[in-house]
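Before any comments, here is the structure.
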Amino acid sequence: MSKQQKHQKTLRVLGIETSCDETAASVVERATDGSARIRSNVVRSQIDEHKAFGGVVPEIAARAHVDLLDKLVEQAMLEAELSFDQLDGVAVTSGPGLIGGLMVGLMTAKAICFASDIPLIGINHLEGHALTPGLSDGVKPPYLLLLVSGGHTQVQIVHDVGHYERLGTTVDDALGEAFDKVAKLLGLDYPGGPQVARMALQGDDKRFSFPRPMKGRTELNFSFSGLKTAVRQQATKLAPLADQDIKDLCASFERAASDAVIDRVARCMQAYESAMAASAPRRLVVAGGVAANQRLRAALLQLANDNGFAFDVPPVDLCTDNAAMIAYAGLEHLVRGNTDTLDLSARARWPLDETAPRVSGAGIKA
Ligand code: KG4
Ligand code: ZN
């Protein structure tokens, strides 16, 4: 089938996501006008398997993906009411992430593509997050993206599909990672973000004055490890911790983290304004699991309003890891003729903006 013909019909892609601790499969459909519809979206979190270890164990994750993926693909196809031969391609996260998990997804996707003679589309997990507003709200690039999850904290200018410019990234912990580590040191369950947020609701956010890392700095990077250490030191000083101490520590940490993010994003907005043409839309999009945090959302909305930016945050189930975002990114590449061959390999590290300098300490998140 020629590229031109592909543009003229509704396209359906199966998405597969196995880069971390969620096993997910989804079918998304793209109409000729570019609008997208989720036909199925199944996610199985492995939280219970990893909880006892206080974090994701790569070996356990890979084994769980092996156990779960074929059943989830079957369920996604059933719910979409489609057979493999009605698909126009399979999009799979091929990086960045835990290599064992990525390989499980990749091998499954290759098998389906080979058996059904349809294109394989390898997708950067970060691109899945970056393009989600197109799936949830029909928002097309360009826009300013804040991506905040357990593995990534970065700001990118999304110029177009496949064209990203990194403005800033974390030099140490990702924001979600900081929430998870603070939860762990306070004896709260994994994943810690939702627990910290829940405790913070009943806490005094002014009881402790924690640092706002990088605040006021002209460079656009983030840092959270100093903040986490400050929480640890305060917790050690107070030990043994009363329930109210934990709530106050959570609230004060959440306030400091949110303030630090706002300071960084405000600077990135200035950089966006300088980089873009006057006619470019002023729009801030936030994606990734930490976008579920109500305090951060409210603060970002305020910041956007104050600076004349529109604000968009996808629904929580599309902010956290899922395969619908991978299928959608796959469709956007498929219509552009960007497909892969069956010898595609997994990439543990894969920056969205390959031209951005590597930041030491940011690992695969850079
Ligand atoms: O995007 P995601 O599902 O997975 C990746 O890391 O790629 O994000 C998970 C992260 C975890 O660190 C979790 O603690 C954090 O998002 N998170 C939150 C909240 N909900 C999830 N952090 C703060 N507040 C929340 N409400
Ligand atoms: Zn993610």
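With each pseudo-label sitting 7 Å past Cα toward Cβ, what's the residue 237-residue 273 distance in nm, one decimal?
Going from the residue 237 label point to the residue 273 one covers 3.8 nm.
Using a simple spin-label model with points 7 Å from Cα along the Cα→Cβ vector, what separation in nm is obtained for residue 75 and residue 219?
Going from the residue 75 label point to the residue 219 one covers 4.5 nm.
Starting from 0.36 nm per residue, how many nanometres of slack lie between residue 198 and residue 295 once their C-alpha separation is accounted for? Can you show the working numbers first?
On the way: separation 97, 0.36 × 97 = 34.92 nm, distance 1.10 nm.
Using 0.36 nm per residue and subtracting the Cα-Cα distance, I get 33.8 nm.
Using a 10 Å Cβ count of at most 16 others and DSSP loop calls, identify the longest part of the chain lacking such GluC sites (Glu not before Pro).
Longest stretch, sites excluded: 82-218.
Take every DSSP beta bridge with both residues inside segment 143-314 and express the antiparallel ones as a percent of the total, to the nearest 5. All intermediate terms of the calculation are to be shown ahead of the outcome.
Working: 12 of 20 bridges.
In segment 143-314, approximately 60 percent of DSSP beta bridges are antiparallel ones.
Any idea how far the Cα center of segment 321-356 sits from the one of segment 201-277, in Å?
33 Å
Between residue 32 and residue 302, 0.36 nm times their residue separation minus their Cα-Cα distance comes to what? Intermediate values should be presented prior to the final figure.
On the way: separation 270, 0.36 × 270 = 97.20 nm, distance 3.59 nm.
Between residue 32 and residue 302, full extension yields 93.6 nm more.
Inverting the mean 1/r over all pairs of different Cα atoms, compute the Kirkwood radius of the chain and quote it in Å.
20.9 Å
Convert 20 °C to kelvin, take the viscosity as 1.002 mPa s, use the Kirkwood radius over C-alpha pairs of segment 143-314 as Rh, and evaluate the Stokes-Einstein diffusion coefficient in µm²/s, rounded to a whole number. All intermediate terms of the calculation are to be shown ahead of the outcome.
Details: Rh = 16.3 Å.
In µm²/s, the coefficient rounds to 131.
I'd like the per residue volume of the convex hull spanned by the Cα atoms of segment 290-366, given in cubic angstrom.
Taking the convex hull of the Cα positions in segment 290-366, it is 177 Å³ per residue.
Antiparallel versus total DSSP beta bridges in the chain: what percent is that, nearest 5?
The antiparallel fraction comes to roughly 65 percent.
Give me the Kirkwood hydrodynamic radius of segment 159-233 in Å, from all C-alpha pairs, to one decimal place?
Its Kirkwood hydrodynamic radius stands at 14.0 Å.
Rounded to the nearest 0.05, what FRET efficiency is calculated for residue 159 and residue 59 with R0 set to 45 Å and r the Cβ-Cβ distance?
Once rounded, the FRET efficiency stands at 0.75.
No value in this document is a laboratory result; all are computed from the given coordinates. Please read all numbers here as calculations on a predicted model, not as lab measurements. In this analysis, Cβ positions are derived from the backbone assuming ideal geometry, glycine residues included, and neighbour counts consider all displayed protein chains.
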